[in-house]
1. Would you confirm whether or not segment A:436-445 contains a residue that is surrounded by fewer than 21 Cβ atoms within 10 Å (Cβ to Cβ) and of a type outside the set (V, I, T)?
2. If A:F68 meets every condition in (1) under 30 Å from A:Q174 (Cβ atoms); (2) at pLDDT 95 or above; (3) touching a helix residue (DSSP H, G or I) at 6+ places or on another chain (Cβ under 7 Å) apart from one, which number is that one?
3. Mind listing just one residue for me: the one in segment A:223-258 that is part of a loop (DSSP other than H, G, I, E, B) and modelled with pLDDT under 95 and, of those, surrounded by the most Cβ atoms within 10 Å (Cβ to Cβ)?
4. Can you list residue pairs whose Cβ atoms sit under 6 Å apart, with the first residue in segment A:444-464 being away from every other protein chain (no Cβ under 13 Å) and the second being of a type in the set (D, E, K, R)? Count only pairs 6 or more apart in sequence or on different chains.
5. Within segment A:188-197, identify whether any single residue is at pLDDT 95 or above, in contact with a Cys (Cβ under 8 Å, 6 or more places away or on another chain), crowded, with 19+ Cβ neighbours inside 10 Å and in the same structural domain as A:G374 (by TED's automatic domain parsing), and answer yes or no.
6. Hey, among the residues in segment B:63-84 that are more than 7 Å from chain A (Cβ to nearest Cβ) and within 19 Å of B:T17 (Cβ to Cβ), which one's surrounded by the most Cβ atoms within 10 Å (Cβ to Cβ)?
7. Just a yes or no: is a residue in segment B:26-33 at the interface with chain A (Cβ under 8 Å from one of its Cβ atoms) and within 30 Å of A:K93 (Cβ to Cβ)?
8. Identify the single condition in (1) at pLDDT 95 or above; (2) over 21 Å from A:S366 (Cβ atoms); (3) surrounded by 14 or more Cβ atoms within 10 Å (Cβ to Cβ) that A:E140 does not satisfy, given that it satisfies every other one.
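The values are calculated or read from the model by the stated rules, or taken from the named source; none is laboratory data. Keep in mind it's a predicted model, so treat the numbers as computed, not measured. So basically every Cβ, Gly included, is an ideal-geometry build from the backbone, and we count neighbours across all protein chains shown.
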Amino acid sequence: MALLGKKFKLLEVFDQATNGQYQLLPSRFAALDDGRYLLSNEVGEYLVVTRPDLESFIRKQVPANTDFYHDLKSKHFLFDDDSNVALDLLALKYRTKAQRISQFTALHIFVISLRCDYTCQYCQVSRQTDDKHAFDMSEETANKALDLVFKSPSPAIKIEFQGGEPLLNFALIQYVVNEANRRNEKHQKDLQFVITTNLSLLNQEVLEFCQAHDIHLSTSLDGPENLHNTNRPRPGKNGYQLTVNGIKKAQSFLGHNKIGALMTTTEKSLPHVKSIIDTYLENNLDCIFLRPLSPYGFAIKNQQAHKYDVDRWFEFYKEGLDYVLEINRQGYQFVELYTQLIINKLLSPFSEGYVDLQSPTGAAISAIVYNYDGDVYASDEARMLAEMGNKKFRLGNVHTDDYEGIWLSDTLLDTLECSLSESIPMCNDCGFLPYCGTDPVYHYATQGDVVGHKALSGFCNKNMKIFKHIIHLLEDDPEARKILLTWVRT
Amino acid sequence: MKEDVIIFDASVFSIDTVKRALYRFADKCSFDIQLKDNEITVKIHTDSSDDMVARIKNEVLDQDLRDTLAKETANIRTLILANAFSNTGLIQ
């Protein structure tokens, strides 16, 4: 007992932390709803507080022996004579969050071919069908791109094959996989492959190759047959059937977790979120990503992006998330991926590798794109913009530029510098900053400026609405909170 | 187009605080700002049906708190960041 008495101080000792003598730690806040604010610190820990509580905290008027004081102290919003260890802990957590920057580029996207058998209205890259080889990546270009891939310091490398339809140039996929594996005997990276494909050309040869090399497949599924075929027209009008057949084949041959699907939202999708989710369930997919239509490529040429605004999309997302939560309540775990991403940012110290929600931007740091012709772009969106004739974010070409020339190009360094939320007006003091990003390519595409005015930004408007909704669910809906907590990745 | 005027006492709110608050309403309003005789006069031009005067006044109060928070914690923030990146070879 005597020993314990020395180790543990009495409760009163902690309560004596002198009233009003505490020091504020760096934090930010944002209005959440009528009367409540989100208060967050540098590493993303947060409290939901009332306006009077917020003011009393910042004016250093919170009495030391209250629950609010203990919450502020334990979540590192203040420190007092008793707890200056907070500075070390915050530094450690900050370093954990910033870890991804030092690891650098993990996702390397190879645009294997621009050719495609679909004629989607919203397609974000040009599609070419006649000249078979003018729009295919060559072995020579792929080799040069692989030289750059293996210069990345990231211990984990994912090579993603995109198009057009990459399976139209399957021979090159085989070449890149074999060559990358051969080179990796020396580098010993955690190497993974993904083919983003509409599955029209999925045959036994492709499946066996995927199985032999542990390749994941990612496909597009926009919803029920009518909607899918309207959004993604294909000669023969059988796109939906080919896709769901492909999903089934891949699930049974490669395994359930080796294929995922992404959806694109169009104006026609907006009234159908439940049937879109039902389509995913019917096809034994265990997650969905309710994506907004991006303002690039054919989408903007066709004015699709302007046909519905963020508010309408948000209603679509909210209805979808409500439905997903209902499915979970019935005992089936089904995840909405954007929500999961944000839940992880809110509740874990680890940084998610999602390019759009990073500061500085994840463009070229987290992901890089090698186009079929060897041009290198900071992100997939940058490539889409280039296909519209604007090569603002072209970083170089694998045939003429080396690693240092590309990653230290003025284009990239200027973009990175302009993409630090911590120095962007309206972002720098926003309570949602630790969970958000800047997306310079989006702001350049929509406002002609990589920083952009956030009061006019669809990106800011969309994310603020989502953050507020998710925090509202976590704070005010115990059942939803219980489900959302199961989505945190450990 | 509606017009309203708000006057802030410059000894209570800094011009920077007021400007930072107004910046957030660029999607709804345009402004003329004048500082004269210790008064900050803000003329608001808007098409919005919202009560912009009340919203702007509340936002100025929030920005004032943000300024206090930022000033008070600037040194500690630098200290934490220096600590976070020490021994990483990233800073000299």
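1. Looking only at segment A:436-445, we keep the residues that are surrounded by fewer than 21 Cβ atoms within 10 Å (Cβ to Cβ), and these are none.
Checked against the condition, which is being surrounded by fewer than 21 Cβ atoms within 10 Å (Cβ to Cβ) and of a type outside the set (V, I, T), segment A:436-445 yields no hits at all.
2. (1)
3. If we filter segment A:223-258 for residues that are part of a loop (DSSP other than H, G, I, E, B), which is where we start, we get A:223-224, A:232-238, A:255.
Add one more test, that the residue is modelled with pLDDT under 95, and what stays is A:232-238.
Details: A:R232: 22, A:P233: 14, A:R234: 19, A:P235: 10, A:G236: 10, A:K237: 11, A:N238: 13.
Out of the qualifying residues, it is A:R232.
4. Correct list of pairs: A:F459/A:D439.
5. First pass over segment A:188-197, keeping only residues at pLDDT 95 or above: A:188-197.
With the extra rule that they be in contact with a Cys (Cβ under 8 Å, 6 or more places away or on another chain), the set shrinks to A:195.
Going one step further and asking which of them are crowded, with 19+ Cβ neighbours inside 10 Å, we end up with A:195.
Retained after the next criterion (residues that are in the same structural domain as A:G374 (by TED's automatic domain parsing)): A:195.
Yes: one or more hits.
6. Per the criteria, the residue is B:Q63.
7. No: zero hits.
8. (3)
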